[in-house]
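S.K.: Following this message is one structure expressed as structure tokens.
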Amino acid sequence: RLGGDEFVVVLEQVHDLGHVAAIAQKVLGQLNTALRVNGRDLYVSASLGISMYPQDGVDPQTLVRNADAAMYRSKAEGRNTFHFYTEDMTEQAMARVLLETELRHALDNNEFRLHYQPQLDLQTGHIIGFEALVRWQHPLRGLLAPGIFIPLAEDTGLIEPIGEWVLAEACAQMRRWRDDGLNPGRVAVNLSGKQLRRKELLLTVLAILEETRCEPEWLELEVTESVFMERAEEASAILQSVRSTGIELSIDDFGTGYSSLSYLKHLPVSKLKIDRSFIKNIPDAPDDMAITRAIIALARSMK
């Protein structure tokens, strides 16, 4: 507390402007909660100013002074909001807050779409499966690729309900294709780190399979190598339980997550999906070709 009604919040180890904006929103939200005093509801609002080290100052005095200047801009523009010391940072943060709000409504408004990328057997040319890829049909910005909104969904916890929707929609589509007499193989669905850390993952997957009448043998779950390595032992146990139902498991982005081969030996996976960074320059990059050959040889020898 600096004095009177002014307080300072210090955030350490900040690497993303969006995280600061999210915390500012939380502070404003908490202060907007009604306070019951003598039978009446009282409300408090705040004006926030934010300065960032080192671009807005390298010593505490400068940082506080610049945050104070940003705070007065918030007051001048109607209060109960936040501003960064530099206007471009404020615009970036406001855009993120707006996108988060829109993302929260996107599920309720049925704005997500699944596109299905076919997986081909290059020797026969036959389709052997599909990968489900989520897109956001934004009402104003059109079709948005996952790179625009998935990181935000992971930061805000929205990745779990979005992930469950993707899984349910993909399973329902498999049921529809089968009912139409088609044999599309398996559909691959990505699992996020947050989904993988949930002990209820298996129960959630089984409930979706039952609800959509999708057989476990029609489903493949993908986990990126980096996500798996964050909690390898815990993730391995969860994946073992999932694999026991007949669902196939694959490691995505293989070769970039510093995977331990000793863990790979015990993982219940049946596919390695080589990261595109090794593939995109073939056949012009000899090193990429050598790495790709090695991964293929490793996968074949481990069946």
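The values are calculated or read from the model by the stated rules, or taken from the named source; none is laboratory data. It should be emphasised that the depicted structure is a prediction, and the values quoted were computed from it without experimental measurement. Quick reminder, even Gly has a Cβ in these numbers, built from the backbone with ideal geometry, and neighbours come from all protein chains shown. These area figures cover heavy atoms from the full protein model, side chains too; ligands, DNA and RNA do not enter into them. Shrake-Rupley method; radii C 1.70, N 1.55, O 1.52, S 1.80 Å.
S.K.: Could you please find all residues in the range 30-54 being surrounded by 12 or more Cβ atoms within 10 Å (Cβ to Cβ), outside any loop (DSSP other than H, G, I, E, B) and among the hydrophobic types (A, V, I, L, M, F, W, C)?
M.R.: Of everything in the range 30-54, those that are surrounded by 12 or more Cβ atoms within 10 Å (Cβ to Cβ), outside any loop (DSSP other than H, G, I, E, B) and among the hydrophobic types (A, V, I, L, M, F, W, C) turn out to be L31, L48, I50.
S.K.: Please work out which residue is modelled with the lowest pLDDT, limiting yourself to the range 201-240 and to residues that are open to solvent by 50 Å² or more (accessible area, probe 1.4 Å) and of a type in the set (G, A, S).
M.R.: Residue satisfying both the conditions and the ranking: S226.
S.K.: Which of the residues that make up the range 1-29 are of a type in the set (D, E, K, R) and within 22 Å of G57 (Cα to Cα)?
M.R.: Of everything in the range 1-29, those that are of a type in the set (D, E, K, R) and within 22 Å of G57 (Cα to Cα) turn out to be R1, E6, E12, D16.
S.K.: Name the pairs: first residue in the range 173-201 and within 14 Å of Q117 (Cα to Cα) and in contact (Cβ under 8 Å) with a residue 12 or more places away in the chain, second residue in a helix (DSSP H, G or I) and acidic (D, E), Cβ to Cβ under 9 Å, at least 6 apart or on different chains?
M.R.: R186/E217
S.K.: Pairs needed: first member in the range 150-165, among the polar types (S, T, N, Q); second member anywhere, at pLDDT 90 or above and open to solvent by less than 60 Å² (accessible area, probe 1.4 Å); C-beta distance under 8 Å; at least 6 residues apart or different chains.
M.R.: Correct list of pairs: T156/L103.
S.K.: Out of the helices (runs of 4 or more DSSP H) lying entirely within the range 214-282, which hold 1 or more residues that are touching a residue at least 40 places away in the same chain (Cβ under 8 Å) and either over 27 Å from P118 (Cβ atoms) or not charged (D, E, K, R) (or both)?
M.R.: 232-243
S.K.: Does E160 satisfy being within 24 Å of E248 (Cα to Cα), in a helix (DSSP H, G or I) and among the charged types (D, E, K, R)?
M.R.: So E160 passes the test.
S.K.: Next question, about the same structure. On the basis of being at pLDDT 95 or above, open to solvent by less than 50 Å² (accessible area, probe 1.4 Å), aliphatic (A, V, I, L, M) and within 22 Å of the chain's Cα centre (by Cα), does A172 make the cut?
M.R.: no
S.K.: Right, something else. When the residues of the range 283-293 are filtered to those that are assigned to a helix (DSSP H, G or I) and either charged (D, E, K, R) or over 24 Å from L221 (Cα atoms) (or both), which remaining residue is most open to solvent (accessible area, probe 1.4 Å)?
M.R.: Restricting to residues being assigned to a helix (DSSP H, G or I) and either charged (D, E, K, R) or over 24 Å from L221 (Cα atoms) (or both), the top hit is R293.
S.K.: Which of (1) open to solvent by less than 60 Å² (accessible area, probe 1.4 Å); (2) not in a helix (DSSP H, G or I) is the odd one out, the single condition V27 does not satisfy?
M.R.: Failing condition for V27: (2).
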